[in-house]
Every structure is written in structure tokens, then in C-alpha cells.
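To start, the structure itself, in C-alpha cells.
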């Protein structure tokens, strides 16, 4: 069992990783990289199936255990199954006019199908409103959490003010009196926000970026060499 | 400081909230009875009629191919009255049209544009879902929970369907089962010579790995998914290692090794030239100092004392400015998303505003309301 | 007052935010007035890069348009997409749409319907634009496209093989594109395109992105990322530039079609408000009344609502930002009052 659950997976990881690295450096091996990439992409599509299956399993269990709120699990399952059904079978989708006799030949997400209807009138309003809600919470957080406790916090708040005002017409209203051609035009809020972004933000983000990249490169190396095996789960 | 939204409210506060909710309800009800009403979707039917054209091979009379020809409704009716519905295919496509097209049609005395009940119901459902999610701002409630459950179910189903039709079918099934795919799934594909390309057998590998991945769902078969997982992790590690080193380490380091003196662009006067040169050069100097100071701050192997400590402190200042900027931009993004939802409610559903000129006929009457 | 603020129920903050966003939307929706925009260098760089795509090769540019977002971020990003397609269509670039997000094809469909089908009905699918749809696999899709695009994208969304699509001739990998224009809402998005396309293959890349991502991508500008649109402000600025460009380009094409010389045409396209007067001058004598009416309409007519989405949203943005600043100040007043009393923050 150790071979199946440890040795072979580690071997697969190393080979797959080395293939990807080689394909970046040697044109001859680029085809290997292409195949590995294609296999990965197909697996990524299977991952959607796995995600759906997991959801099904989780909510079926919740219903069978009659846990609190199990009725909502029923709603999840019904929506999941109906979307899946109308999407996979392309219910109501218009066939491709070039091949009208093939039912499945039409566009999956084309407007007019039931699958499109689920997207347009359920998926779209729901997901976009969920994200829109964050505007309210960010306002509440601004009132409760942003405190000018020390110099660092003042810097953070000051920058936030410059960006918030400089990226709207408020900047023009507040500092529009500074002539655009004068020596102090850089102090106009809209120009100041550009300066802050291109100098201070770029410097800070670049350092974070280099740090993260070093971390990713070393973690990748550890994974390929079999030093980091955490992705294989416990027991090692 | 009180921060809980579920904290009991005073009767006065309750009254205000009741007034707010009631006002929204009144606006919706009143709005639906004023002028041309609200929240309707119109469509124009487009008949798609096809008749079969059977071509018999000149060499072998038993071999024939069927092709489909799109015909006009008149031609189709003539064909059907002569031959019946065999060898015909027809369906109706519905193109959504702006309500003003319907109003114009009504004013002109009739036409083909009709109210779409499925889409109109959908629109009201979308408005209900939007309000149901927003209702969470007041407090958690069954409407919100219902909407939340719908989004989870629909999203999972949506991704699975798209993954199947957009990736598994064209990139896997077309290669492993070309004839079946062409006949039933993707008629537009070209068959390889002989109907099958043996080199595509290599795609059995992702098929097997994919099945193993899904095998995780079966009890006691969890280990099966370790192989595809190993493949996913390995390819990702290999790809990212090269990508990040090349882009985020080498290129970004190179971008930081820059001239510290930059000639200013403003040449309107000598003073402005010197001034703009100072600003531009200062930007470069501050940039280089910032990157180095932040990197020193991230360098935890050395104790942050003395010169290192001071440099690290400068690094913290830069990082604080970075986080402040990130906060400002995040706020900006969130508000735009909220604005889009409010636009949906006011424009598509309530017909209060008409920025896309979809309902020109009623915009004037709505304007009178305000 | 401070006591009241200390115990402020957050629902009042929510209500204030709702009003700050909805009232300006109503007012702008009814009056049609938007705030003027001053484009920043990043938006101008984005526009210029799209404008000069393909020039170096002396051909009609092949622009890969990757719309990597979903409805959740469409409020910020769809104005960018619409203006991008507007600019490409007006310029005559070939547009290849793809998406690395499962819901991306709907975003592509929306851009095609709202811009190409409505304002550029002469463009032919398969010759001027093609929708290649979604592929799962995130950055690995970019990786494979860099080596061999046709093995990853075998068909377009309608199931037609790429070999049967005229504009796919000669397109085998990412290097056959003159520009990649990407609109991104997160992962996979602009960072992945920078890492695995722009840096690796040295292909010009411009990207429009959400406010959350924008600060993280500034270091890539201007080398790895030739243009960057951040959040709704970036969208509004770009929209403003493109609307001006499209109007000028259309004016010039009408003048050229009526035999007006290049110099006059160029001068007039920069002074659109003078066109009405110019049509009564002797210089315009060769133009028919219908052509003159069309010219005046194009030069001074209202911009379609689709191309003002970003600028309209800058209204609620202004008031909501002011509210945010006010909330932070009030929050700090409470904090300092508490500190003076010796209470905990």
C-alpha cells in the first residue's frame, strides 16, 4: 500500500514537475509540456465533477441526518440537480443551424436555453449581489476598525484618504484650485494618488511580490524533490 | 462599543426601519401602476425551419447523404402541406428586444414582438433574489438562507456543466471517441483519417486519472485520488517555479535596477524643467529605497536592531502606504459592484431610470414623478 | 453625540451607504449628467497599446481578448470590456475571445451582443471576431496556448473546428497575436497572463482589473504590463478616451467618404463642436444634406448608454467614498473620545 499511496504519487509529482520545467528550457521537450498541460486541464474539468459530487454527498448526509437547516440542503440539491440536468441535456438550447438534426450540437450557454435562464435569473443576480454586500461591510469596518493609533496607522489612513478622494471627482473639487501647470500640480489629489500608486505602492508590492515568488519557488522545489509531502495527507 | 446587528433595537428605531421597508414597497407598487408599468421582458420570435435534402451517390444508389437546408416560413409551410412533417426540423428562437420596440409596434398597430413570460418571471425572480440577499443586512432570515442555498446549488451545477461541455467533450471525448462525438455531440468536428487517430490513445491517461480523482467520492477509495493529485501538484509546481522566478524575481529585480536621475518632461521653463526633474528622480530614488527597505523588513534571519531595524521601519512605512492604497482600491471595487446591483433594480426591474434608452416611451412619464 | 456614535447600530451605516449609492444613480439616470474624467497615464497607455497593435507587423492586428471574470465583478469590469471591444471593432482589429473562467463565455456573449451586434453589425463572425469560449485549467491553459493553441481550443463555442474558421488561419500559438488584452477578476487573471504569456513570450499585454487586484499589479507596469485599468475609475477613464476616439474616427470616415481632404478632416475631428457651423461653409458644399446630417449626428449626438456605464458609476462612487472618509473620521472621533476617558478602544 505504501507504494501506491506514497512512492508512486511522489514519482508522478517529480516526473510531471520536471517535464514542465524542461519544457520551458528546451524546445524539443515543449511537446511534453504541452501534453502535461492538456492532461492537467482535463483533470481540472474532472475537478468540477468532484466538486459537484462532494456537494451532493455532503448535503445528502445533512438531509439523512436531519441536521438543523436540512431543508436548505434540499434546496441546494434540487437546484444543483436541475441545473445539471438542463445543462448536460441542453434542454431548450437552440441547435446549431448548420447541423440542425444534432440536438447536442448547439451552444451550451447560448441565450434562450433553460441553462441560460438559470444563469441569467439565478446565478447572475445571486453571485453579484453577494459580492455587492461587501460594500456595506467595508463601510461598517471603516467606522469600527480604522484607528489612527500610531504613525504607521496614520500613514495607512492618509493613503486611503488620498486614494479614496483622488480617484473620484472629490479630488478635483478639493484641490482643483492648484493650477495644473504649476510647480505644485503634483499636490492635486488626483496626481498625488497616481504618485502614491506608482512609487510607494509599487515599491511595497514589489517587495511582497519578490518575497512570495521566493517562497513559491522554494516550496515547488521541495515538492518536486519529495521533501514537502503534505499534499499526500498525514501518515508520513 | 456596540457592534452586533442582532442587538435589540428601540421602538423608535424599529419604526424607522418599518418606514424604510414600507417606502420601498410603496414605490414598487405605485411604480407598477404608473405609465407603462415595470419589469417586463419582450422578445421577437424567429422561426428556424429546415427541410432535408437527400443526395444519392452517383456511384452507389444505396448510399445517400442527408443535408439540411434552412427555408423561409412560407417555403416551409408549402413543403409541409405537400410532404408532411417528415424530413423537417423546426424550432423558434426568441431574441430579446428593448421594450421601446414593443411600444413602437403597439403604436404602429401590431407586429410579432410579444411579452416573454419565462423571462419576465425570471426578471422578477432575479429582483427577489437580489432583495433576499440584501435582506441579510437587516438580519439573517429564511429568504436569505433560501437564496444562499440556491446560489450554492446552481453554481456547482453550472461549473460541472461548463466543465463537461467546454473541456471534457472537445478535449477528451473528441479525441477518444471521435465518431460518437461527431454523430451526437459536436457535429462540426472533423474526423481524423480512418475515423480514429491512434496517437490520441495517450489521452487515456487523463481519463484514467480523472476517474481516479472522482473515485475520492467512494468510501475507502480515497487513496485513488492521490495519483491525479500528485500529477496536479507536480505540474503546477514545475510551471510556477519557472514562471515566478522569471517574472517576479528576475524581471522585478531588473525593474528595480533603474537610473536614479531622470530628466523631467516639463520644459515650459528652466525652473519647471529642474522641478520636474527633481520630482521624477525622487520617484525613482524613493522606489528603490522602498523595495530595499521592505525586503530588509522581510529578512527575519537578522535581528531588526540598529541600522537594520531603522531600515526595516522605513519598510513598514512603505508597507502601510501599500495597504492603505489596497484598502482604497478595494473600497472602490466593492462600491462599483453595489452600484451595478442598484442599477439593475432601478433600470431593468423598476423602470425608474433608462440609461440604455431601452424604453424611450416611458422615460418622460417617469421623469414627471420627480 | 459621541455616546450615540459609540452605540451606533451598523444598520444605520448600511442605510447611509445604500442612500449614497442609490440616490446618485437615480439622479444620474434621470438627468444623464456624469462627472468629467481626466485620463491618467495608465489608461492612456492601455488605449495607445490597443491602438497601435499590429502596426509593427504592418497588418490588421490579431488581438486575443481574455475576459476572465464573472457577474460578481461585472459591475467594475464590464464597462472595460465594452470599451475594449468598441475600440478594437472601430480600429478594425481581429478579435479572438477566450475565457479562463467558467462563466466567462457569458461575459463574452454579452460584450458581443452589446457592442458588435448592435454597433458594428457589418463585422462577420469567423472573419472579424471569434468566440473560443472557456477552458478549464487556469494558467496551464495559457501554458498550452503558448506551445500550441489549436490543441487546447479545438473548436469555437458553436462547435465549429478552428480549421473551418477563416480568421484562425496562421494562428497556432500565443506568439501569433499582436496583443493580449485581458480583463481580470482574480485567479486566474492578469497575474497569470503576465507570468506565463507576457514575460515568457514577450507578447504585449494590457489588462483591466478589479480594485482588489490593481495595486498588486502596479509593479508590472510598464514592462510586463503595457497598460493597466484599475477598478471603476480606470474603466471610466478608458471609456472616456475610447468614446472620444470612436467619435473622431467616425467623423473622419464620413468626411473621407465625402471627399474631404485629410488635413481638414483631422482639424475638424479635434473640434467636434465646430462641425455644425462648418457644414454651412463652402468647404462642405460637396456633401449631400443627408451626409451633413449624419456628420452632425455622429459629431454631436449622445453617446450610447452602453459606453457610459463606467462614467455613470463614478457618481455613486464619489458619494460613497465621501461617506467612507466621513465614517473613518467619525470612528476616530469616537476612538479618541474613549481614549481621553481612559476607556478601551
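Of note:
- Zone residues, region B:158-199, relative to residue B:59, backbone N less than 17 Å from point 7 Å out along Cα-to-Cβ: B:194-195
- Region C:248-308 and region B:225-254: distance between their alpha carbon centers, rounded to Å: 54
- Cα centroid separation, region A:1-67 to region B:315-349 (Å): 35
- Per residue of peptide B:284-291, the mean number of Cβ atoms on other chains within 10 Å of the residue Cβ is 4.
- Inter-label distance, nm, simple model (7 Å from Cα along the C-beta direction), residue B:106/residue C:326: 4.1
- Choice from B:320, B:272, B:356 showing the highest fluctuation, given a GNM over chain B with Cα pairs closer than 10 Å: B:272
- For chain C, DSSP calls about 5 percent of its internal beta bridges antiparallel.
- Shape index of chain C: Rg/Rh, with Rg the Cα radius of gyration and Rh the Kirkwood radius from the inverse mean 1/r over Cα pairs, equals 1.06.
- Principal-axis tilt of helix A:202-224 within chain A, Cα atoms, nearest 10 degrees: 30
- The calculated FRET efficiency for the pair residue B:184 and residue C:164, based on their C-beta separation and a Förster distance of 22 Å, comes to about 0.70.
- Here region A:150-188 and region B:157-195 have alpha carbon centers that stand 56 Å from each other.
- Relative packing of peptides A:133-146, A:207-220 - highest average C-beta neighbours within 10 Å first: A:133-146, A:207-220
- Acute angle (nearest 10 degrees) that the helix B:142-163 long axis makes with the longest principal axis of chain B, alpha-carbon atoms: 70
- Among beta bridges that DSSP assigns inside the protein assembly as shown, antiparallel share in %, nearest 5: 45
- Taking every alpha-carbon pair under 8 Å whose residues sit at least 6 apart, chain B reaches a relative contact order of 15 percent.
- Chain A: angle of helix A:134-145 to the longest principal axis, Cα-based, in degrees nearest 10: 50
- Contour minus Cα-Cα distance for residue B:260 and residue B:314 (0.36 nm per residue): 17.5 nm
- Calculated FRET value between residue A:28 and residue A:8, using beta carbons and R₀ = 30 Å, to 0.05: 0.65
- Label point distance in nm, residue B:87-residue B:121, each placed 7 Å from Cα along Cα→Cβ: 3.9
- Efficiency of FRET between residue C:173 and residue A:137 - r from beta-carbon atoms, R0 60 angstrom, step 0.05: 0.85
- For region B:42-108, relative contact order (Cα pairs under 8 Å, six or more residues apart, normalised by length) works out to 46 percent.
- Shielding of A:75-87 by partner chains, average beta-carbon count, 10 Å: 6
- Mean Cα-pair separation over length for region C:163-314, i.e. relative contact order, pairs under 8 Å, 6 or more apart, %: 19
- Per residue, chain C reaches -15500 deg cm²/dmol at 222 nm when only DSSP H runs of four or more residues are counted, each adding -39500 (n - 2.57).
- Across peptide C:100-109, the average count of Cβ atoms from other chains found within 10 Å of a residue's Cβ is 5.
- Gaussian network model of chain C, Cα within-10 Å springs - most flexible of C:203, C:116, C:28: C:28
- Inter-probe distance in nm under a simple model that places probes 7 Å from Cα toward Cβ, at residue B:25 and residue C:118: 3.6
Every number here is computed from the coordinates shown, using simple stated rules; none is lab data. What you see is a predicted model; the values in this text were computed from it and never measured. As a convention, Cβ positions derive from the backbone with ideal geometry for all residues, glycine included, and neighbour counts pool all protein chains shown.
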